[in-house]
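**Student:** My questions will all concern the structure given below.
Here, each number is a calculation from the coordinates, and none is a lab measurement. Quantities reported herein were computed from a predicted structural model and do not represent experimental measurements. Methodologically, a virtual Cβ is constructed for each residue, glycine included, from the backbone with ideal geometry; neighbour enumeration extends over all protein chains shown.
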Amino acid sequence: MKLQLLPSTFEENGCSSPRQHLTSFIIDDRVAIDAGSLGFAASELQRRQVRDVVLTHAHLDHIAGLPLFIDDLFSELEQPVRVHASQGVIEVLERDVFNWSVYPRFSELSNAFGPVMQYRTLCPGVSSPIADLEIKPLAVNHSVPSNGYLISSGATKVVLTGDTAEMDEFWDQVNAIENLKALLVECAFPDELEELAQSSFHMTPTRLRGELEKFRGSSCPVYAINLKPRFRERTIAQLEALGINGLEVLKVGAPYEF
Ligand SMILES: [Zn+2]
């Protein structure tokens with residue numbers, strides 16, 4: 001399984017920056033998990049191939065690129081972009097984004113080939129075939145209804161939390177997975193912003209250490225994701241200071257093979 005976190009910001013020289021304002025992971029150049037920067041950072045191959053977009057939740061940094069992605073491809077889509085999400089997230093998208101005021105309601109529009117966007121409802125704990133993958137939502141603990149995902153490609157299994165605070169049931173489900181190849185867990189804020197992390201349902205390095213004590217996959221690599229760009233360096237330094245074997249920060253833009 002190939003996994004890439006798309007870049008979302010640029011340095012003064014125009015090259016992509018490791019700072020991550022928006023979240024969008026691309027699996028096998030074909031399936032997007034979240035669509036924060038999908039509309040403007042996807043490669044040409046990804047633009048041609050990605051027709052399934054799986055959303056963790058409806059916060060702007062995870063969906064901002066979705067309307068732009070469909071807009072850009074509107075006339076050439078030979079199949080709809082399928083948006084896979086919980087019913088609650090779909091309702092937010094229809095009410096607050098694709099509402100004819102913020103953007104057109106693409107779910108009601110077609111091009112010469114047919115509909116350009118369709119919704120597929122995902123239910124917690126129920127696995128769905130999406131492209132060549134099996135994707136199972138795992139409920140997490142964020143300020144709005146949110147899912148993490150177990151993503152399976154053949155025998156390869158990867159779990160991604162999306163945005164979340166502390167969890168219990170999630171870890172029971174993850175600990176039951178055999179042969180997990182990678183675990184991607186958010187760590188948005190540094191420790192000194194503990195209060196903000198708590199009120200916004202995010203992690204800090206210290207909170208992450210507590211969560212990883214519940215995780216029994218000791219040989220499985222763990223990647224920190226969704227670091228707030230403003231505090232990235234401090235958060236990385238604090239994660240390194242934890243001295244946890246196998247824990248590293250997922251590199252923005254780099255392709256990973258699991
Ligand atoms: Zn969020």
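**Student:** Got the relative contact order for the chain handy, in percent, Cα pairs under 8 Å and 6 or more residues apart?
**Tutor:** 17
**Student:** Now, a different point. Using the crude model of +1 on Lys and Arg Cβ and -1 on Asp and Glu Cβ, and no other charge, please compute the dipole size for the stretch 2-257 relative to its Cα centre, in debye to 20.
**Tutor:** 300
**Student:** Among VAL222, VAL159, VAL102, which one moves the most in a GNM of the chain with springs linking Cα atoms closer than 10 Å?
**Tutor:** Fluctuation is largest for VAL102.
**Student:** Continuing with this model, one more query. Keeping to pairs on different chains or 8 or more places apart, tell me how many lysine pairs in the chain have Cα atoms under 15 Å apart.
**Tutor:** 6
**Student:** I would also like to ask the following. LEU45 to ILE244: FRET efficiency via 1/(1 + (r/R0)^6), r the Cβ-Cβ distance, R0 25 Å, to the nearest 0.05?
**Tutor:** Here the calculated transfer efficiency is 0.10.
**Student:** Could you line up VAL249, VAL31 from fewest to most neighbouring Cβ atoms inside 10 Å?
**Tutor:** Final ranking by Cβ density, sparse to dense: VAL249, VAL31.
**Student:** Now for a different question. Using only Cα positions of the chain, each an equal point scatterer, no hydration layer, compute I(q)/I(0) via Debye at q = 0.08, 0.12, 0.16 Å⁻¹ and quote the log10 values to two decimals.
**Tutor:** The computed values of log10 I(q)/I(0) come out as -0.29, -0.67, -1.22.
**Student:** Of the beta bridges DSSP finds with both residues in the stretch 51-163, what % are antiparallel, to the nearest 5?
**Tutor:** 65
**Student:** Using a cut-off of 10 Å between beta-carbons, work out the net charge of the residues near GLU257 (Lys and Arg +1, Asp and Glu -1, GLU257 not included).
**Tutor:** Counting the neighbours of GLU257, the net charge comes to +2.
**Student:** With a 10 Å Cβ neighbour count serving as the proxy for reagent exposure, in which order, fewest first, do TRP171, TRP100 appear?
**Tutor:** TRP100, TRP171
**Student:** Residues with beta-carbon under 10 Å from that of LEU150, excluding LEU150: net charge, scoring Lys, Arg +1 and Asp, Glu -1?
**Tutor:** Combined, the nearby Lys, Arg, Asp and Glu give +1.
**Student:** For the chain, which DSSP H helices look membrane-span-like by this rule: Cα extent along the axis of 15 Å or more and mean Kyte-Doolittle of at least -0.5?
**Tutor:** 232-242
**Student:** Something else: Considering the chain as a Gaussian network with a 10 Å cut-off on Cα pairs, which listed residue, HIS84, HIS202, HIS59, attains the greatest mean-square fluctuation?
**Tutor:** HIS59
**Student:** Among DSSP beta bridges lying fully in the stretch 112-258, give the percent that are antiparallel, nearest 5.
**Tutor:** The antiparallel fraction comes to roughly 55 percent.
**Student:** Can I ask one more? For a Förster distance of 41 Å, can you work out the FRET efficiency between the beta-carbons of ALA237 and ARG216, rounded to the nearest 0.05?
**Tutor:** Approximately 0.90, to the nearest 0.05.
**Student:** Nearest 5 is fine: what % of DSSP beta bridges in the chain come out antiparallel, could you say?
**Tutor:** Approximately 55 percent, going by the DSSP bridge assignments.
**Student:** Charges on Cβ only, +1 for Lys and Arg, -1 for Asp and Glu, centred on the Cα centroid of the chain; of PHE258, SER107, PRO18, which one is farthest towards the dipole's positive end?
**Tutor:** My answer, from the dipole projection, is PHE258.
**Student:** Give, in nm to one decimal, the length gained when the segment between GLU11 and THR121 is fully stretched (0.36 nm per residue of separation minus the Cα-Cα distance).
**Tutor:** Contour length minus the Cα-Cα distance gives 35.8 nm.
**Student:** Tell me the mean residue ellipticity at 222 nm calculated for the chain from its helices only (DSSP H runs of n ≥ 4, each -39500 (n - 2.57), averaged over every residue, nearest 500).
**Tutor:** -6000 deg cm²/dmol
**Student:** Take the chain, connect every pair of alpha-carbon atoms lying under 10 Å apart with a spring to form a Gaussian network, then pick out the residue of ALA64, ALA85, ALA112 with the largest mean-square fluctuation.
**Tutor:** ALA112
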